[in-house]
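Please read the structure below before turning to the comments.
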Amino acid sequence: MASHGIKDKVAIVGMGCTPFREHWDKGTDDLLIDAFTETIADAGVERDAIDAFWLGTAQSGMSGITAAAPLQLDNKPALEAEFHRLALKVDTYFKGVIHRDFQCQNIMITTGGIPHVIDYQGARMAPAAYDVASILWDPYQRLDEGVRERLIEYYVSEVNKHSERFNEKSFRESLIPCRLQRHMQALGAYGFLSVVKGKKYFLKHIPEALRLLREETAAAQNDYPVLHQLVSGLR
């Protein structure tokens, strides 16, 4: 079947709700269970037939883990929903042309101390913080925290001079989401290159990339609790 966006992939098959009135005798978990039970009954599906789930409110999206305990759906892939939400979050930030693999091994210093950037064939439109995260939180070369902070301040100062559209608050807010994406991508690449391609020297960079990812998931654990729980258990 030819695809036409998501309209041939997503459908509302059932609905459920709690009565619109005061519910002093029930908690939020009770109301969630009532609405969920009515929904699957209306849809004609069994609980075990559900592959993934998502919980949201009128104000904001939440992690599926919020619904896991009261609905006893602990083994369902709420992680995928968090990945999707992270992607949507990053997509909200202002985009420009980025290198996409802006790390120390792709910067060559030539005669006269002139730097040249290589391996830019993967360039694309994305938030600038992705490239900043790639070079300042680089698993190939750990930077001192003080050096990193000075470089960020320098970057912010220079971009402010040359761009009227630059928003420092938004840029700083985007660093953690972009760092999360960058280091998950890097770990995936190291695994593929070492195991599938046989380039075992990439294995030595996994511990540092994993250390950075643990740091980032800890900082974002309120937004991505399932991812934080998963990464915290990796050794």
Inset, instruction - Please specify each residue of segment 170-222 satisfying the condition of being of a type in the set (D, E) and in contact with a helix residue (DSSP H, G or I) (Cβ under 6 Å, 6 or more places away or on another chain). - result: E216
Inset, instruction - State which residue is nearest to L227 (Cα to Cα) when the search covers only segment 79-130 and only residues that are in contact with an Asp or Glu (Cβ under 6 Å, 6 or more places away or on another chain) and polar (S, T, N, Q). - result: Q103
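Which one of I65, I12, I6 is out of contact with any Asp or Glu (no Cβ under 7 Å at 6 or more places or on another chain), at pLDDT below 80, surrounded by 13 or more Cβ atoms within 10 Å (Cβ to Cβ) and among the β-branched types (V, I, T)? I'd like the intermediate steps shown before the answer.
Working: I12 fails: surrounded by 13 or more Cβ atoms within 10 Å (Cβ to Cβ); I6 fails: surrounded by 13 or more Cβ atoms within 10 Å (Cβ to Cβ).
Selected residue: I65, the only one of I65, I12, I6 that is out of contact with any Asp or Glu (no Cβ under 7 Å at 6 or more places or on another chain), at pLDDT below 80, surrounded by 13 or more Cβ atoms within 10 Å (Cβ to Cβ) and among the β-branched types (V, I, T).
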Inset, instruction - Among the numbered conditions (1) surrounded by 14 or more Cβ atoms within 10 Å (Cβ to Cβ); (2) more than 24 Å from L227 (Cβ to Cβ); (3) touching a residue at least 24 places away in the same chain (Cβ under 8 Å); (4) not acidic (D, E), tell me where Q141 comes up short. - result: (1)
Legend entry - E158 being in a helix (DSSP H, G or I) and in contact (Cβ under 8 Å) with a residue 24 or more places away in the chain: no
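Quick one: is I152 surrounded by 12 or more Cβ atoms within 10 Å (Cβ to Cβ), of a type outside the set (D, E, K, R) and in contact with a Lys or Arg (Cβ under 9 Å, 6 or more places away or on another chain)?
The answer is yes for I152.
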Inset, instruction - Would you mind stating whether A220 is surrounded by 13 or more Cβ atoms within 10 Å (Cβ to Cβ), in contact with a strand residue (DSSP E or B) (Cβ under 6 Å, 6 or more places away or on another chain) and either of a type in the set (D, E, K, R) or closer than 25 Å to F83 by Cα (or both)? - result: no
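The values are calculated or read from the model by the stated rules, or taken from the named source; none is laboratory data. Note that the structure is predicted; figures quoted are calculated from it, not measured. Ideal geometry is used to build each Cβ from the backbone, glycine not excepted, and the neighbour counts take in all protein chains shown.
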